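Beneath this line is the structure, given in structure tokens, with notes to follow.
The values are calculated or read from the model by the stated rules, or taken from the named source; none is laboratory data. On a predicted model such as this, the values are computed, not experimentally measured, just so you know. Note: ideal-geometry Cβ built from the backbone for every residue, glycine included; neighbour counts use all protein chains shown.
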Amino acid sequence: MIRKSGLSAVAAAGVLSTCLFAIAPLSAQAAPTAGTVVAPQATKAPDLATATLRQLAAHTGMKFGTAVANEPLVDPDDPTYAQLAASQFDLVTAENVMKWDTTEPSQGQFNFAPADTFMAFAAANKQTVRGHTLLWHNQLPAWLTEGTWTKAQLLEIMRQHIVAEVGRYKGKIWAWDVLNEAFNEDGTYRDTIWLRVIGPDYIAKAFTWAHEADPKAILFYNDYNIEGVNPKSDAVYAMAKTLRAKGVPIQAVGVQGHLSTEYDAPDSMPANLARFAKLGMYSAVTEADVRSVLPMTPAKRQSQANGYSVMLASCLLEKKCISFTVWGFTDKVQWVPGVFEGEGYAALWDDTYQTKPATEAVRRLLALAPNGKPRGPKAP
Ligand code: G3I
């Protein structure tokens with residue numbers, strides 16, 4: 001269950017945007033010497049009115065992504081879903097089809113057909129892929145959760161699953177969410193089948209096996225409510241520091257970014273991303289959305305725009321923040337109403353594919369951000 005970060009703090013986005021925009025002219029211009037003629041700078045900035053998000057993001061060096069669901073991609077009554085998924089984003093994450101209940105529905109019997117369909121869509125549209133997710137406590141098959149396992153058995157089940165899935169897409173996936181949501185809000189380990197049967201060692205093993213299966217993939221720990229500095233992100237930071245000191249290949253932290261207009265913005269997000277960067281780690285916003293209690297009002301729409309802006313600006317400001325992914329791009333295909341009764345309107349496009357103040361805020365931030373080198377390792 002996703003708790004809330006949130007964002008009544010309109011000011012935060014303003015402060016971040018100001019910092020961000022202040023950087024642009026400094027890095028873009030050299031001081032002219034006396035007598036020289038300063039030619040107008042060639043600007044490759046795309047046209048704000050017509051450019052897609054992936055075009056607007058390209059000059060920043062940061063990838064801009066979305067989660068994609070398989071079913072609507074082939075819905076003959078809704079060609080807009082596939083069109084926007086293909087045209088607006090240069091990075092995609094499978095919303096569900098790479099999770100354990102789909103990929104290993106019976107023990108040792110792998111079903112990669114839906115994931116292959118998703119991979120083919122990404123390849124056809126020249127999109128980089130984030131793999132999501134190898135270990136989680138949700139969307140596990142019944143044979144796994146209802147079985148009785150010794151520590152050795154469950155470790156072997158875990159190893160085989162990781163090796164099979166990562167191995168299948170070796171060289172095709174830029175980054176993997178190896179471990180998802182392993183902490184409680186107070187920073188203690190979440191009680192999962194992995195922790196109960198194996199103990200905390202399962203974490204190091206998972207990253208080690210994933211790295212062996214695809215040494216070039218960027219390996220992420222991914223969680224919600226770790227955007228800012230708080231007890232949960234402190235615990236993730238401590239875990240990452242300890243594991244990295246032991247040589248475990250945990251290379252990046254994914255802050256999911258499930259916000260709500262009911263709660264304060266994660267104002268300490270730049271500081272949080274910076275401390276992971278100091279550890280030598282990449283970061284990414286992996287599942288951004290900003291939901292509201294319905295009905296919407298102009299103030300809530302503006303608050304939503306600020307939520308997206310705070311997260312995007314924080315990522316743009318931290319050069320080791322390599323990508324920004326929204327968890328679904330339309331309210332038509334969005335997980336929030338199924339989990340939070342009476343809430344919704346969380347995506348950048350509404351359920352009839354109309355844009356919102358948040359869409360425009362994101363587009364402006366991308367357009368105004370300074371040019372930057374490609375972030376993170378080269379995509380396959
Ligand atoms: O596939 C079955 C289908 O056979 C069945 O008929 C139908 C009936 O409800 O359910 C379908 O499964 C649903 C599945 O999505 C695929 O559509 C599940 O009920 C539903 O619970 C599941 O929800 C997903 C949720 O994770 C599960 O926890 C959401 O789509 C997905 O957006 C969401 O994503 C998670 C990230 O992976 C991790 N972080 C939080 C994020 C939001 O919860």
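Side notes on the structure shown:
- Inter-residue pairs, beta-carbon under 7 Å, first over 16 Å from LYS356 (Cα atoms) and at pLDDT 95 or above and in the stretch 319-340, second of a type in the set (Ser, Thr, Tyr) and within 12 Å of the ligand (Cβ to nearest atom), 6+ apart: THR325/THR66; THR325/THR93; THR325/THR286
- Of the residues making up the stretch 328-380, those that are more than 24 Å from ALA49 (Cα to Cα) and not in a loop (DSSP other than H, G, I, E, B) are VAL336, PRO337, GLY338, VAL339, GLU343, GLY344.
- Complete set of residues in the stretch 144-174 that are farther than 11 Å from ALA210 by Cβ and surrounded by 15 or more Cβ atoms within 10 Å (Cβ to Cβ): LEU144, TRP149, LEU154, LEU155, ILE157, GLN160, ALA164, ARG168, TYR169, LYS172, TRP174
- Hits in the stretch 287-302 - residues which are under 13 Å from LEU348 (Cβ atoms) and surrounded by fewer than 19 Cβ atoms within 10 Å (Cβ to Cβ): ARG301
- Considering the stretch 105-127, and only residues there that are under 29 Å from LEU195 (Cβ atoms) and in a loop (DSSP other than H, G, I, E, B), the residue that is farthest from the ligand (Cβ to nearest atom) turns out to be GLY108.
- Selection from the stretch 119-143 of residues that are of a type in the set (A, V, I, L, M) and surrounded by fewer than 18 Cβ atoms within 10 Å (Cβ to Cβ): ALA120, ALA123, ALA124, ALA142
- Pick from the stretch 244-265, criterion of a type in the set (Gly, Ala, Ser) and touching a strand residue (DSSP E or B) at 6+ places or on another chain (Cβ under 8 Å), ranking: farthest from the ligand (Cβ to nearest atom): ALA265
- Here THR66, THR80, THR102 are screened, and the one residue that is surrounded by 16 or more Cβ atoms within 10 Å (Cβ to Cβ) and either assigned to a strand (DSSP E or B) or away from the ligand (no atom under 16 Å from the Cβ) (or both) is THR66.
- Where a residue in the stretch 66-81 is of a type in the set (Phe, Trp, Tyr) and its partner, wherever it lies, is within 11 Å of the ligand (Cβ to nearest atom), with Cβ under 8 Å and at least six apart: TYR81/PRO72; TYR81/VAL333
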